[in-house]
Amino acid sequence: MKIAIIGCTHAGTAAVREILRQAPETEVNIYERNDNISFLSCGISLYLNGRVKRLEDMFYDSAEDLRSANIHVNLQHDVLRIDRNKKDLLIQSLEDYSISHESYDKIILCTGSSVILPPINGIDHSRVLLCKNYAQARQLYEASKDQRRIALVGGGYVNVELAESFATTGHEVTLFQSHETILNNYVDEQISHKMMDLLTEHGVRVETRGNVVSFTDEEDDLVVTTEDGRNFKTDIAVVSTGFVPETDLLQGQVKMDRKGAIITNKYGQSSDPDIYVAGDARTIEYNPTGASEYIPLATNAVRQGLIAGINVFGNRWSEMGAQGTSAIELFGHTLSTTGLTYARALKAGFDADFSFFEDSYRPGFMPSTEMITIVIVYDKKDLRILGAQFFSKYDVAQSANTLSLAIQNRNTLKDLAFVDMLFQPYYDQPFNYINLAAQEGLKKEGLI
C-alpha cells in the first residue's frame, strides 16, 4: 500500500509512527510545507519567558529519524491539488518551485489549521504578528527582545499565556478581548473574573469589550484603535482570535461543516473512503452535546492521528469523541476545564444549571492549604454532567481529566457526589473536593 500523509505536526507524526508499528513495510510519503515536523506550539510561551531555553526542544520527532525508518519525508513541499479520481497528487517544491506528480492508495490528511485573521484594518502591518508555528515563534521572540510594549488581540488560551510570559519578562502588556470576559469558551464568569484579576495583579492591562478595528502608524508607535474610538500606543501586536481549518485541498470534494472542517465517520474517514483526516482539519463528536464540533486541540490531533494510522489498513478502531479538555498555568495558578460552560450549555438548548464550590482543598490543620474553586455544569432534567471548571494554586489539572471521563460515561451529579475517592489529609478532605462540588449541586436541586 502507498500512503500519502499531507501535513506532519501532531496528527501526521502520530499517524506515521503508528503505521510504522502496524506495517513497517508500507510505502509512506510525507508532504510538509514547513522545514520541520512535530512542533509543539503549546510550548511557545515557555520559550518566550525563558523557562525553556531552546525553541528547538519543542520538536519531539525529526525527519531524519523517520527517514532512517524508510519513510519518504518531503519537507518544504506543498500539495497543490488532489485528483481523487486518478488518485494523483500535484506537488510543488518550495525550494526550487519544481512541479511533480505522485500517486497514492490512501491519504491521511493532517493539514491542521491557521490563525483566523479578523477584519482589522492594517492587520498586514509588519509589526502585527501571529503565533502558531516555529517560524512565527522565532519572529515574535526576535521582535519582542528590544520592544517594551506589546498588545495582544484576542482573549483565548494563546494570548493569556503570552500575557503571562511577557509580563514576567518586564514588558508592558495590554490584552484586548471583544467579549465581556476572557477565556469565555472555556469558563464561566466566576472563574473568568478570577483570571482577569490575576492578570491585572501582575501588571497586565485587560481591555474587555475592546474590539480592535485598526492598526496604524504614528511616528515610532503602532496605534491600536478599538471600536469605541480609543487609541492605545504599542510597539508590536500579536493577533490570536481563534483558528480556521486548512482544508482548501478538498473543498467541494468531501463533506465539510460551515467552517470548512472536514466531517468524518467514527473511524476518521472522510466521505471519500480512501481519505482519512486527523487533527485541526476536521470535526470531532463532542460528547456533551453529541454534535459534530470543531475543536482544534493537540490532544485530539494525536489521538486521531494514531487511530488513522490503524484504520488506514482497515476500519477496526472507532473514536470515542471528546470533551475539549484543556488546562493552563497562570502565575502559579492552574485552570483546567472540560465540556460545556453554563453559558454554552444554555445556548446549546439544555435546561442547565451549575454548582459552585469554593473551599480549602485539604484540612485546615495541615501546615498549609489552598482555596479551590469548582464549577460543575449539569442538565437539570437528568442531572447529567455537561462540563466542569477548576481553578486553584493547588494543581487541579488532573481533576478535569476525572470530569472528562464522567462526561464521556454520561455520569450524573449523584454519581459524582458519592463515588469512592481517597481520603488522606495531605491530599484532600474526608469528602474529596469533586464529591463536595457535586453535593452542592444536589443541595441546589433539593435532593439532599
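A Förster distance of 51 Å, applied to the separation of the beta-carbon atoms of Arg230 and Asn315, puts the FRET efficiency at 0.40.
Farthest toward the positive end of the dipole of segment 333-444, out of Pro363, Phe431, Ala348, is the Cα of Ala348, where the dipole comes from beta carbon charges about the Cα centre. Straightening the chain between Ala291 and Phe59 buys 80.2 nm, computed as 0.36 nm per residue apart minus the Cα-Cα spacing.
What is the count of Lys pairs in segment 45-192 whose alpha carbons sit under 27 Å apart, if the two are 8 or more places apart or on different chains? Summing the qualifying lysine pairs gives 5. Computed over Cα pairs, the Kirkwood radius of the chain leads via Stokes-Einstein (1.306 mPa s, 10 °C) to a diffusion coefficient of 67 µm² per second.
Extension gain, Asp105 to Gln76, is 8.2 nm, computed as 0.36 nm per intervening residue step minus the present C-alpha separation. Across segment 111-223, the relative contact order, built from alpha-carbon pairs under 8 Å that are at least six residues apart, equals 26 percent. Placing a label point 7 Å from the Cα of Ala23 along the Cα-to-Cβ direction, the residues of segment 273-308 whose backbone N falls under 19 Å of that point are 273-278, 305-308. Listed from fewest to most Cβ neighbours within 10 Å, the set Val238, Val419, Val128 follows the order Val419, Val128, Val238.
Give the shape of segment 328-389 as rounded, prolate or oblate, defined through the alpha-carbon gyration tensor: a ≥ b ≥ c are the square roots of its eigenvalues, a/c under 1.5 means rounded, and otherwise the shape is prolate if a/b is larger than b/c and oblate if not. Oblate shape, in that a/c is at least 1.5 and b/c is the bigger or equal ratio. Segment Ser68..Arg138, full-extension length gain: 22.4 nm, with 0.36 nm per residue of separation and the alpha-carbon distance subtracted.
Note down the relative contact order for the chain as a percent, whole number, built from C-alpha pairs under 8 angstrom at least six residues apart. Relative contact order of the chain: 13 percent.
Over segment 365-437, all Cα pairs binned in 5 Å intervals from 0 give whole-percent P(r) values of 3, 15, 27, 26, 16, 8, 3, 1, 0, listed from short to long. Taking a quarter of the surface of the Cα convex hull of segment 117-239 gives a mean projected area of 7.3 nm².
Taking the Cα centre of each part, how many Å lie between segment 323-390 and segment 169-204? Distance between centres, Cα-based: 18 Å. Taking every DSSP helix (H) stretch of at least 4 residues in the chain, weighting each as -39,500 (n - 2.57) and dividing the sum by the residue count yields a mean residue ellipticity at 222 nm of -7500 deg cm²/dmol.
By other beta-carbon atoms within 10 Å, ranking Thr226, Thr247 with the fewest at the front produces Thr226, Thr247.
Once you reduce segment 71-145 and segment 431-448 to the center of their Cα atoms, the two points are 49 Å from each other. Lys2 to Gln424: FRET efficiency via 1/(1 + (r/R0)^6), r the Cβ-Cβ distance, R0 56 Å, to the nearest 0.05? The formula returns an efficiency of 0.50 here. Take the Cβ-Cβ distance between Lys444 and Asp96 as r, set R0 to 60 Å, and report the resulting FRET efficiency rounded to the nearest 0.05. Calculated transfer efficiency: 0.35. Straight-line cross-link partners of Lys381 among the lysines, defined as a Cα under 29 Å from its Cα and at least 8 positions apart when in the same chain: Lys266, Lys347, Lys414, Lys443, Lys444. Sorted from longest to shortest, the spans of the Cα atoms of segment 219-264 along the three principal axes equal 49, 22, 15 Å.
A short reminder: the numbers here are calculations on the coordinates, not readings from a lab. Everything numeric in this text was worked out from a predicted model, so none of it was measured. Every residue, glycine as well, gets a Cβ built from its backbone with ideal geometry; the counts of neighbours run over all protein chains shown.
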